[in-house]
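Comments concern the structure below.
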Amino acid sequence: MKKGKKHQQSTGSRENGNGNTQRHGEHESWKKLKLVEIHQALNSDPVDIETLRRAAVSEGGLLTDEIRRKVWPKLLSVNVYKLPAKPTKDVRENHKDFNQVLLDVRRSMKRFPRGMRVDERKVLQEQLIDSILVVLQKNPALHYYQGYHDIVVTFLLVVGERMAIAIVETLSNHHLRDFMDPTMDSTKHILNYLMPILEQVDPELHDFMLRAEVGTIFALSWLITWYGHVLSEFRHVLRLYDFFLASHPLMAIYFAAVIVLHREKEVKQTECDMAMVHHLLSQIPQDLPYEELITQAHCLFTLYPPSLLAKRAALQSRKSITINCFKAFQMTTRQQRPDSVLRRQLLRGPARGRGGLDSQLAMPKDTQPNQAANQLVKMAVWGISATLGAAALAVAQTALDWAPDFFMQLY
């Protein structure tokens, strides 16, 4: 009997192992297919921005930092061959926000990777200060707010200083614009969309929160930092940034709504008291099912768009620069040329004689392709495209962290 049991157990183990191997293979095939689709979208002329947006929103997001360095600029219509110069130290001179930015950055140590050398972190913190100040200096209508540095540091860590400045400047004039008014009125206006979303989905939860008089201030730091300040795992922050960069500027408040809805039972079991409910909601869980919540937020935006909520909640009285400018901004992203064309334009452009081709074509150090590997990479791409076939299209769309950095050098 004992031998029989042993045999049954070992057989089951082999079956489980085979099943796991098969699922792992499906994951890898799906991710390779997604990479090919992103590659094709980046090299379309004009760039297939809708495919890039779907890739950023769909499960797994953009998969690797190497892909983010290629796709994030396209989502914001940033030309990686026309990046701003590195800031000079005089950007700090007589800047009205310098002292506050300095204090905030010095307190931001937890936003840097664990185990990073102190000297490396200090260099990045100096770059963070300069990046923030140069954007504010170039855009006098923008006003610094505490939490802005949490957004800037995310881009700095992924794309480097020059590209981070370009991306953040664009974001600050569009997605983040309402947060950068001289007062908090526009930010409060965006927070006011939270309760109407809850009312549409769960009227009982909405009424409970009204009785508790908890308001929406618990979600303020979520919104104005795009959750960078409140999430401990950087990979979760990056996944949300993929989602938000490809979405409407109000998507961050829809995501706040699905977090509250996800915790509906906890909220209702709490004493109906403002302090108690606020304390519960302000402590954001670190084990959220992010992919599930992203899908839900995307669905809620489709079902209850801001225009519908504004009418039902009488929120249309305040004019939002962020919301009003978004449609025009989206249109500008649809006529971008692929990087291969931008490189050829630089070859033919008037800048050719001013510093040699190497200096004109050089991308930021952290985004420059490895030209020596291009032929190998092209062969890899062709091989992947040829072998996936129709069968890969049926693979379940789940994404693990796969980092084929050499593959992305082709872009």
Legend entry - Backbone HN-Hα couplings from phi across region 57-65 [Karplus 6.51/-1.76/1.60, Hz, Gly and Pro as x]: 7, 5, 3, x, x, 8, 6, 9, 5
Legend entry - Listed residue (Pro73, Val91, Val118) projecting farthest to the positive dipole end of region 62-122, Cβ model: Val118
Inset, instruction - Keeping all protein chains in place, calculate the accessible area per residue for region 45-164 (probe 1.4 angstrom), answer in Å². - result: 43
Legend entry - J(HN,Hα) series, region 103-115, from Karplus relation 6.51 cos²θ - 1.76 cosθ + 1.60, nearest Hz, glycine and proline x: 4, 5, 5, 5, 8, 9, 4, 5, 7, 9, x, 4, x
Legend entry - In nm, spacing of pseudo-spin labels at His24 and Leu210 (7 Å Cα→C-beta vector): 5.3
Inset, instruction - Apply 1/(1 + (r/R0)^6) to the Cβ-Cβ distance of Asp181 and Arg117, taking R0 = 25 Å, and write down the FRET efficiency to the nearest 0.05. - result: 0.05
Legend entry - Sulfur and carbon atoms: percent of accessible area, region 163-250 [1.4 Å]: 50
Legend entry - Point-charge dipole on Cβ atoms (K/R +1, D/E -1) for region 89-173, about Cα centre, debye to 20: 320
Inset, instruction - Taking the Cα centre of region 37-122 as origin, work out the dipole magnitude from +1 charges on Lys and Arg Cβ and -1 charges on Asp and Glu Cβ, in debye rounded to 20. - result: 600
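The values are calculated or read from the model by the stated rules, or taken from the named source; none is laboratory data. These numbers were taken from a predicted model, which means no experiment stands behind them. Using ideal geometry, Cβ is built from the backbone for each residue, glycine included, and neighbour counts are taken over all protein chains shown. Calculation scope for accessible area: heavy atoms of the full protein, side chains included, ligands and nucleic acids excluded. Shrake-Rupley method; radii C 1.70, N 1.55, O 1.52, S 1.80 Å.
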